[in-house]
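Participant: Pasting in a structure now, in structure tokens, and then I'll have a few things to ask.
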There are 2 protein chains.
Amino acid sequence: MTHNYLGLDAGGTSTRAVVVSSDGRCGGIGKAGSGNPTSAGIDAATSAIRAAVTQAMASAGVDQVSGAALAVAGAGGAGHRATIAATLSDLVAHEPVFDFDVLAAYFSGTAAPDGYVLLSGTGASAVRVENGKLAAISDGLGWLLGDVGSGFWLGREAVRAGLAPLDGRGATTLLTGLLLDRLGTPPVTHREGGRTGTLVAATAALYAMPPLRLADFAALVFTAADAGDEFAAEILDRAAAGLAETLAAVRTPDVVGPLVAAGSVLARQPDFAARVAPGAVVADDGLAGAAVLALRHAGVLVDDDVYRRVTSSLAQLTEV
Amino acid sequence: MTHNYLGLDAGGTSTRAVVVSSDGRCGGIGKAGSGNPTSAGIDAATSAIRAAVTQAMASAGVDQVSGAALAVAGAGGAGHRATIAATLSDLVAHEPVFDFDVLAAYFSGTAAPDGYVLLSGTGASAVRVENGKLAAISDGLGWLLGDVGSGFWLGREAVRAGLAPLDGRGATTLLTGLLLDRLGTPPVTHREGGRTGTLVAATAALYAMPPLRLADFAALVFTAADAGDEFAAEILDRAAAGLAETLAAVRTPDVVGPLVAAGSVLARQPDFAARVAPGAVVADDGLAGAAVLALRHAGVLVDDDVYRRVTSSLAQLTEV
């Protein structure tokens, strides 16, 4: 007989759940808000996780699953696991297994138990996977201390470079106009405290956002570089060098498995992904990987046939 | 007859007040915590301002002053001025005048009504002063969006460069050992989630601080560079280039006045100050400038004699 399992990928932007049978067929998916306990808070994260799970199970037509793999940043952290597990206790027969969200990203690109994943989304990191487990990670130290080449890193560079010419610093760059357009800052002619009103309005709008939201401006760097802006091209050069260094830090000759490129920056910028991770499979969604983790933790061998069934059944579900 | 005036310099670290007579004699000083309404909150800032002022007036033996000049970041901001003025209403005969804290820094180095000041403390900016007023400012956009070459900027670079080798990225640098010593992170041998325990402990300690406190690590860059660390020297090169650009942005051939270097980074690192602001007068304290602002706003002509009286009487007060 086939059993049903639950895979969950709890990200900083959204939480996605999938019900997968032991032969690899995905029967239902669900989606809710941020399920990252660190950034969203444990109450909001727990609510989002339960909402995504109940939606996936209703869609699959099952009342209970045999087991669950929950891919959460930092594998949930010891303090949050019990709370998250408790919210799912009526839905999952066995205690859920927590795992690293970077592994869901990895297995969304390959079924191979050994290999590498380079991520650049809001954050950035590289991971070596051995025997299906996280063996080493580099960077991923967060927006303040690391995440070189991430969406936040690129967005911060875009914003700083875009603002500088407004008080006479830095090189002229297309980023200034793109930034002001994006902020919707109208040109302000009067000066305020020795600054142009435009600069005052733009900085006020930016400080009103949570710092992490600077990641929303990452796309401006690609837009400006595509239009021939040398300053933006130089930001991309530094991001690419940083990501290459991050990936090199987890490489070892003993592990020759595939390379997966994941995260919103790499998924949306295929040329940049090909530059920093040549030959990589690009995975734009952690849901397939969450299903694979659920099967692996249940002791199901995920061979190429099972993996194809996971990805093709998921594709049908997300097409609808 | 002589009148007494109050000068106040409300900074992010401390608030200092001085009572100055119309002939330039400083009769008493006071000191309290952060008086910056933006970073400390308006209630804490108001309490600190009142505490510093009452201490200075008690020390000078006066019950009321004729007027007051309050040097506050961004000149206090329209929303905070009424609250701050109200807390001093029994102590100051006339409505206090608010002015920019950068002007207190400028007048702590010179009495000239026209000139420039380059600041690098927790933040960084350059200001052109014309007729005793702020005519233009560059950078000073805060830790997230600007402040190139500031204490925060240097500290952030030191911390990121120091952490990187702990997961195999970046160049080997003395900053790693200096950072771990400063954090008091004991070497941790076990690995946690694919990272060394030392890196996990260091990042946890750093994220437990408010982001601005990364400024406390600025001194590590100078220590490492003095010991021959090339990576640290390169960070200082970039800081110096940024500060030079910030100063150049406010320079105009029409204003040929003196240059003042101010802020904790420039006051504590005379070689670095001489490099980024050649020929500058280094001012390590905004108190003399606050006294000058109080006199100027009261209509007192601050000539070289009065200025010398301000600085020499202040020196006697602070020596005690």
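Here, each number is a calculation from the coordinates, and none is a lab measurement. In this text, all values refer to a predicted model and were calculated from it rather than measured experimentally. Positions of Cβ are backbone-derived with ideal geometry, glycine not excepted, and every protein chain shown enters the neighbour counts.
Participant: Restricting to chain B, compute how many DSSP beta bridges are antiparallel as a %, nearest 5.
Facilitator: Numbers: 27 of 45 bridges.
Approximately 60 percent, going by the DSSP bridge assignments.
Participant: Next question. Where the label is 7 Å out from Cα toward Cβ, how close does A:H94 come to the same position in every other copy, in nm, shortest first?
Facilitator: List, nearest first: 8.2 nm.
Participant: For a quick check, take a GNM of chain B with Cα springs below 10 Å and name the residue from B:A158, B:A248, B:A56 with the largest mean-square fluctuation.
Facilitator: The residue with the greatest mean-square fluctuation here is B:A248.
Participant: Follow-up question, since we're still on this one. As an exercise, use a Förster radius of 56 Å and the Cβ-Cβ distance of A:A44 and B:Q64 to find the FRET efficiency, rounded to the nearest 0.05. It would help to have the intermediate numbers written out before the result.
Facilitator: Numbers: r = 53 Å, r/R0 = 0.95.
Approximately 0.55, to the nearest 0.05.
Participant: Check the axis relating chain A to chain B and name the residue of A whose C-beta is nearest, distance in whole Å.
Facilitator: Of all Cβ atoms in chain A, the one nearest the axis gives A:P211, 4.
Participant: OK, next. If amide hydrogens are placed 1.01 Å from N in the peptide plane, which non-local residues have theirs closer than 5 Å to the one on A:V282?
Facilitator: For A:V282, whose amide H was placed from the backbone, the distant partners under 5 Å are A:A261.
Participant: Pairing the Cα long axis of helix B:197-207 with the longest principal axis of chain B, what angle in degrees results, from 0 to 90 and rounded to the nearest 10?
Facilitator: 20
Participant: Beyond 18 Å, what share of the Cα-Cα pairs of region A:113-284 is found? Please give it as a whole percent.
Facilitator: Above the 18 Å cut-off, region A:113-284 has 61 percent of its Cα pairs.
Participant: How do B:F222, B:F100 rank when sorted from fewest to most other Cβ atoms within 10 Å of their own Cβ?
Facilitator: On the way: B:F222 19, B:F100 23.
If I rank by nearby Cβ atoms, fewest first, I get B:F222, B:F100.
Participant: OK, next. Where does each of B:S125, A:S312, B:S120 land when they are ranked from fewest to most other beta-carbon atoms within 10 angstrom?
Facilitator: The fewest-first ordering by Cβ neighbours comes to A:S312, B:S125, B:S120.
Participant: If one takes the longest principal axis of the Cα atoms in chain B, at what angle in degrees, from 0 to 90 and to the nearest 10, does the Cα axis of helix B:304-319 lie?
Facilitator: Result, in degrees: 60.
Participant: Here is a further query. Under a crude label model (7 Å from the Cα following the beta-carbon direction), how far is A:E192 from A:D23 in nanometres?
Facilitator: 6.6
Participant: Give the lysines whose C-alpha is closer than 26 Å to that of B:K31, dropping any in the same chain fewer than 8 places away, or say none.
Facilitator: The reachable lysines, counting only those whose Cα sits under 26 Å from B:K31, are B:K133.
Participant: Also, quick follow-up: With r as the distance between the Cβ atoms of A:A93 and A:S312 and R0 = 30 Å, compute the FRET efficiency 1/(1 + (r/R0)^6) and round to 0.05. List each step's numbers first, then the result.
Facilitator: Numbers: r = 27 Å, r/R0 = 0.90.
With R0 = 30 Å, the Cβ-Cβ based efficiency is 0.65.
Participant: Taking amide H positions as placed 1.01 Å from N in the peptide plane, with prolines and chain starts having none, which residues 5 or more places from A:A112, or on another chain, fall under 5 Å of its amide H?
Facilitator: Correct list: empty.
Participant: Then there is this: Which value, in debye to the nearest 20, describes the size of the charge dipole of chain A about its Cα centre when Lys and Arg Cβ atoms bear +1, Asp and Glu Cβ atoms bear -1, and nothing else is charged?
Facilitator: 500
Participant: Continuing with this model, one more query. How far is the Cα center of region B:233-257 from the Cα center of region A:5-58, in Å?
Facilitator: With region B:233-257 and region A:5-58 each reduced to a Cα centre, they are spaced 51 Å.
Participant: Another question, then. Run the label-point distances for A:E230 please: 7 Å along Cα to Cβ, every other copy, nanometres, shortest first.
Facilitator: When each copy's label point is compared with this one, the spacings are 2.6 nm.
Participant: Output the antiparallel fraction of DSSP beta bridges having both residues in region A:113-284, as a percent to the nearest 5.
Facilitator: Within region A:113-284, antiparallel bridges account for around 65 percent of the total.
Participant: Test of understanding: what is the full-extension gain from A:R275 to A:E234, defined as 0.36 nm times their sequence separation minus their Cα-Cα distance?
Facilitator: Fully extending the segment from A:R275 to A:E234 adds 13.3 nm.
Participant: Each residue of region A:85-93 in turn: what ³J(HN,Hα) in whole Hz from Karplus with 6.51, -1.76, 1.60 and θ = phi - 60°, glycine and Pro shown as x?
Facilitator: 4, 5, 6, 10, 5, 7, 9, 10, 5
Participant: Shape verdict for region B:1-123, please, from the Cα gyration tensor: rounded (a/c under 1.5), prolate (a/b greater than b/c) or oblate.
Facilitator: oblate
Participant: Calculated from DSSP H runs of 4 or more alone, at -39500 (n - 2.57) each and per residue, what is the 222 nm mean residue ellipticity of the protein assembly as shown, nearest 500?
Facilitator: -13500 deg cm²/dmol
Participant: Rounded to whole Å, give me the distance from the Cα center of region B:289-318 to that of region B:146-198.
Facilitator: Result: 44 Å between the Cα centres.
Participant: Search the structure for amide H atoms under 5 Å from the amide H of A:F98, placed 1.01 Å from N in the peptide plane, and list their residues when 5 or more places away or on another chain.
Facilitator: Those lying under 5 Å, H to H, from A:F98 are A:L70.
Participant: Any idea what the alpha-carbon Rg over 2.2 N^0.38 Å comes to for region A:39-195?
Facilitator: On the way: Rg = 21.8 Å, N = 157, 2.2 N^0.38 = 15.0 Å.
Expressed relative to 2.2 N^0.38 Å, the Cα Rg reads 1.45.
Participant: A follow-up question, please. So what's the angle, to the nearest 10 degrees on a 0 to 90 scale, between helix A:230-250 and the longest Cα principal axis of chain A?
Facilitator: Relative to chain A, helix A:230-250 is tipped by roughly 30 degrees.
Participant: Just to confirm the numbers: B:D304, label point 7 angstrom along the Cα-Cβ line, distances to the other copies in nm, shortest first?
Facilitator: 8.9
Participant: Sticking with this structure for a sec: Quick one: what are the phi-derived ³J(HN,Hα) couplings along region A:5-18, Karplus 6.51/-1.76/1.60 with θ = phi - 60°, whole Hz, x for glycine and proline?
Facilitator: 10, 10, x, 9, 10, 9, x, x, 9, 9, 10, 10, 10, 9
Participant: Give me a comma-separated list of calculated 3J(HN,Hα) values for region A:287-301, in order, Karplus coefficients 6.51, -1.76, 1.60 applied at θ = phi - 60°, integers in Hz, x for any Gly or Pro.
Facilitator: My calculation for region A:287-301 gives 6, 4, x, 5, 5, 4, 4, 4, 5, 4, 5, 8, x, 7, 6 Hz in order.
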